[in-house]
Structures are given as C-alpha cells and as structure tokens.
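Participant: Right, I'll just put the structure down here and ask away after.
Since every read-out is calculated from the coordinates, none of them should be taken as a lab result. In this text, all values refer to a predicted model and were calculated from it rather than measured experimentally. Glycine also receives a Cβ, built like all others from the backbone with ideal geometry; neighbour counts cover every protein chain displayed.
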Amino acid sequence: MVRRVSCAPVLAVALLCTTLASATEVSAPVPAVAPAPPVAVVAEAAEAAEVAAKDKATGYREVVETPETFPEEGDLKATLRSVTLVPQRGYTPIQVTVHNSSGQPRPVRLSIHGQGRITERSLQLGARERVVTYLMLPADIQSGQLHMDSPGMPTATEGFYLDSYRGARVMVLGDVKSFENATQLGRVAENQEPLVAARFLDARTAPRELAAYVGYDAVLVTASPEEVPDDVWAVLESFALTGGRLVLARPPANPRLHFPLLEDVHSERSFYGFGEVRQFLGCRDTHEACGQQLAEAAAEVTGAVVPAGPPPRWDRNSLLRDGRTPLLESARAPVGRFMLLIFLFTLAVGPGGLMLARRKGPLAVLIAVPTLAAITCLGLVAWSVLVDGFRVHAARYSLTLLDRERARAVTVGITAWYANLTEEGVMMPASSVLVSPVEPEDPPRALDWTQGLVLRDSFLPSRTYREWGEVAVLPSRARLTARKEGDGVVVQNALGAAVEAGRMRFQDKLWNLPAMADGAEAKAVLIPDEKKVALLDHEAHQPLSLTYQPGLRFPAATSVLDDDLTDGVFLVRLGGRGFAPTAAVDVDLEAGVHLVRGGIEEARP
C-alpha cells in the first residue's frame, strides 16, 4: 500500500521563507546616493587641479626635431627638421637645409602646402653650396607638405606634423647640455607637467627674420656669445625691443655692444623697449633659480599687440571676439537707415499694393512690386558705391619709441581694415612682422618670404572687417628739435606728421607742446606745476592717450610710454598713418592716433 504525502504544507513553508527573506531585503536601509556636484564646482575643481599641477611642475620638455631627408633628385639634396614646436602666435620657423652638389648654380623654390595655403621662399644656390633656411608657417597651421622645385627636376615632397604643446614655449639658441647647465632643469617624464617646452636651434644657423621669434613666449641664449653671429644678435635685440622676453644665460662681456639701450648692464632684469632682457647673474649660485626665472619670463606673455578676431561663426553679431567692438565705423552696417528703407518698402508693398490693386487691378500690382524691389536694390547698391566707394578704409593706432642716436623707430601698431574690393597684397621688410589674430578667419592664401614678407591673395577680403597687428624696427630720421629763445623754447616738428598734442622736459622744466603741422615751429608752454601728471589715461581721455577700445589691443605696451619724462625726452600724439610698414598702403583714413616718445634734438641758436 502506497502512502501519499501532500506537498501543500511544504510549498507553504517554502513560500513563507521566501516572503520573509524578501521583506528583510526590502526593509534593509538603502545607502544614500550623493547628488552630482554642480558644473561650476567641477570646473573650479578642475581649475584648482590644473593650478596645483603647474605649481608642482618641474623640469622641461624637449621637443625633438627629427631630420627628414628628401629622396635625392639629381644634384639637390634637402633635409627638413619636423615635429617643430608651434609658438603661441605669429609664425612657426620651419628649418630646411638644401645642398647643391653640382658645379653649377641652381635656383630652388621651397613651398609648404597646408590647409589650402602656400608659404614659399626662393633660393639661388651656388656651386656645391649648402644653405640652411627657414620658412615661416602661420602658427594656426599644424601640418603640411614641403615641396622642392628646381628647373629640369621633378618636384620632391615631404610631409610633416608640428607639436602644439599648450604651456610656455621657449626657443633656445644652444644645445641641450648648455641649457641644462644654465637652468639646472632636467627632462620630465611624459606624464609630468614641465615648466617650459623647449625648442633647440644652433645659434650659428638661427633665423635672421624677426618673424621667427615674435610668437614664442621667451628666447633663451645658452650658446657662447662668440658663437652668435652679429646679424642674429641684431634680430634678437629687435625681438626684445618689440615686446619679447629675451634671456641671456651667458651674457656678453659688454652687453651694450649688442643692446645699446641697456641702462644697467649689471641688472638681472632690464626693461628694453616694449620688452625685456634678463641675464642669469645671481641665480647661478642657487639651485634651479635660473630655471624658475626662465619660467617666470615665459609666463603670461600676451604679446605687445593683440588684434581682435571675428566672433565664432555660430555667434555672429556686431561685436568681435572677447566682446570687443570694431575700431572702424565704416565696418558697421547702417542698420538704422536700412531699417527705415525696409519699413518704407513694406508700406509700399503692403498697404500701397492693396490700394493699387483696388484702383488699377491685380496686373498693376504684379508690375509694381518687382519694379519697386529692383529700385530698392539699386538704391542699396548706389549707397554702397557713393558712400563706401571702392576704396580701402582704415583706422590706425600705434605706439612708437624713437631711437635718435641710431636713427630708428620701434613701433607696435594695430590697423582696422575694411575693403569694398579685395586688396591683393602687402609687402613687409624682414625687420617687421604682420600679426594676425590667434584664430584668423579667411587668412591670406599665399605668403612669400624671399625678401621679407609679401602677402598675396586676400590680404583683405572684400566687405569684411579685419584687424592686423604690426611690430617693426625701421630706419627713421623723424625727430623733434628744440632751441632756447629768450625765456621760452621754440620747437620744430620734423616727425613726418602733424603734432596734435605733446609734452616734453627740456632743461629740467616741463613744457606743453601746441598743435603743429609737419615742418612747422611753435613756442612751447611752460607748466609751472611740477607734480607728476599721468601721460596716458584711458578713462579720462587725456590728449596724450588712446581711447578704451584701441587700448585693449595693447595689453602692456602703453605702460612703456606712461612714465615720467626725464630731461631731454618728449611724448607727442600724431595724426596720419604712423610709422608702421603698412602705412604705405593707399587708404581712406578714418582715424589715426600715434603716440611717439623719444629724445629731443637740441638746436643751437
């Protein structure tokens, strides 16, 4: 007899146990989930971490430049040094070595093609000559392809990429060993933050163009002074004069031989023109102090002149980048007049069309509306032709230091341009640099560095506002002459433009200068109160000042001019086109403000 056992009690017990276990799990306390921190808190934490990383930064990062040799084409052989450190602004000097092994002279054209733009230089190589040259590539280009052309030979090409490190960037004239001995800095690992990134060049073959240096945060010379050629010393001095930070690890025995404007040759830091010159003197006895000085010199460098770029494409408005306003009135569309014209057109088409349809019928409306639209368009075109014309409009602002003893002018300037028709090009000497905004829009497509810089193809696009900065050291005979006449002083203006206002200290007295035409003479007015008067005041709009918006383009350069006038020094405001190289471009000048500081030439009665 088989005995049957019921499963119901067993199932009930199992169900009860499962229910109790579930209840226990549900009633257990659930750990609280921390709310996500606000975006601002995350951003502040990231910024604090970045600052902490910079504070802990030690050593340097070496940008290794790899020689890339072209495939040999006949008698020519070329070597490109790639993976070059890109500067913050300006131009990247790309080093190319060309060797002509034949017994005949040979012309060579080097060109870099990148992002639809061409940078080129033409050379004339002698028999069995080896030449080291540089092509200045705009700093916003990160890669390209180098072409070498010569008559009777196929084109040789070589591609390259550039290093776009974000921190402080230093060009070093010297080798790694001399750099480490001078700064006491060592290479950092790949995952560590360095104080600076360094690019090393041989001082004997360093670039001779100012454009090769202006974009770097600092230039350090660690080579022996005897190894640096005189023309390299000259361009380094121009770099410091136009706002650069030049550091000398091994100063020459007589620094004034290469830097004649140094006031104290024994000073570790000397302001020089619009820039500064530093010498490693007392820091050599302190471990890593020289390296810290180098990092300090390269930190927070913005350049002597900072042109404003256009706003992002997704944020088109009347303001420029960083909220700046255009410096040129003609670059702003006459919105009020256009709105009035549109309003009148709407009235004529709307209520006017309805009245015309009731009186003359629908056919009259079909004829009148297109005719009225054509007349309106012709009116806009006529306004553009008659008011704007076909000329180039410009507003020019500059700061100039006159070095009378060496007959030269050191200028940093900004020009706002507006061309109704495309301006084809402009020429710049080798001792000057044309500076574009950090993120240019529709930049020039062709740059020729054979003799200075020749910009071709869309230097100024049609009907587009543009700002170009300029730094230059150019020969100049401009001067201000003063002579004593009785109890007063007679001043002659030989500055090449009309003096609008001025002040000078002559024979230990402070004088005001009246307005004077170029070549004219006038009597200076004595200022009896000898208390210091601010020469440059952006907010009070003093006669010797830049207004607020132009002043934003010169973040640090104006402080060089706003200093006490020593005996024999003047400061004037000029009109006209100024001393910058692009002053030769024929324009309709809407505004011209140029502050000039220099020494007085005393004339004997």
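Participant: Is there a quick way to get the dipole size of segment 433-592? I mean about its Cα centre, with the Cβ of Lys and Arg at +1 and of Asp and Glu at -1; what is the value in debye to the nearest 20?
Facilitator: Rounded to the nearest 20 debye, it is 400 debye.
Participant: Then there's this: Check A501: other-chain or 5+ apart residues with amide H under 5 Å from its amide H, H built from backbone geometry?
Facilitator: Under 5 Å from the amide H of A501: R573.
Participant: While we're here: Counting other Cβ atoms within 10 Å, keep those with at most 14, restrict to DSSP loop, and tell me which trypsin sites (Lys or Arg not before Pro) in segment 122-186 are left.
Facilitator: For trypsin sites (Lys or Arg not before Pro) across segment 122-186 that sit outside H, G, I, E and B with at most 14 neighbouring Cβ atoms in 10 Å, the list reads R128, R166.
Participant: If you don't mind, another one. Tell me, how many Å apart are the Cα centres for segment 119-139 and for segment 569-594?
Facilitator: Computed from Cα coordinates, the inter-centre distance equals 34 Å.
Participant: Another question, if that's okay. Which GluC sites (Glu not before Pro) does segment 184-261 hold that lie in a coil by DSSP with at most 16 other beta carbons within 10 Å? Walk me through the numbers before you get to the answer.
Facilitator: Numbers: sites: E190, E209, E226, E227, E237; in loops: E190, E209.
Taking segment 184-261 and a limit of 16 other Cβ atoms within 10 Å, the loop GluC sites (Glu not before Pro) found are E190.
Participant: Just to check I understand the Karplus step: with θ = phi - 60° and J = 6.51 cos²θ - 1.76 cosθ + 1.60, what whole-Hz values come out for segment 185-193, glycine and proline as x?
Facilitator: Calculated HN-Hα couplings, in order: 9, x, 5, 9, 6, 4, 8, 10, 8 Hz.
Participant: If each residue of separation counts as 0.36 nm, what is the full-extension length gain between K484 and V569 once their alpha-carbon separation is subtracted?
Facilitator: Result: 29.0 nm gained on full extension.
Participant: Another question, then. Shape of segment 85-204 from its Cα gyration tensor (a ≥ b ≥ c, root eigenvalues): rounded if a/c is under 1.5, otherwise prolate when a/b > b/c, or oblate?
Facilitator: Details: a/c = 3.05, a/b = 1.68, b/c = 1.82.
Judged from the Cα gyration tensor, segment 85-204 comes out oblate (a/c at least 1.5, b/c at or above a/b).
Participant: Quote the charge dipole size of segment 346-480 about the Cα centre in Debye, to the nearest 20; the model charges only the Cβ of Lys and Arg (+1) and of Asp and Glu (-1). Intermediate values should be presented prior to the final figure.
Facilitator: Working: 14 positive and 12 negative charges, 132 e Å.
In total the dipole reaches around 640 debye.
Participant: Ranked highest first by average number of other Cβ atoms within 10 Å, how do 442-453, 148-159 line up? Display every interim value, and only then the final one.
Facilitator: Values: 442-453: 18.1, 148-159: 14.7.
The peptides rank, most packed first, as 442-453, 148-159.
Participant: Another question, then. Go through segment 430-435 residue by residue and turn each phi into a ³J(HN,Hα) via Karplus (6.51, -1.76, 1.60, θ = phi - 60°); whole Hz please, and just put x for glycine and proline.
Facilitator: 5, 8, 9, 9, 9, 9
Participant: Using +1 at the C-beta of Lys and Arg and -1 at the C-beta of Asp and Glu, which of S458, A407, A395 has the Cα lying farthest in the positive direction of the dipole of segment 395-463?
Facilitator: A407
Participant: Distance in nm between label sites at E424 and D588, each 7 Å beyond Cα in the beta-carbon direction?
Facilitator: Roughly 2.2 nm, to one decimal.
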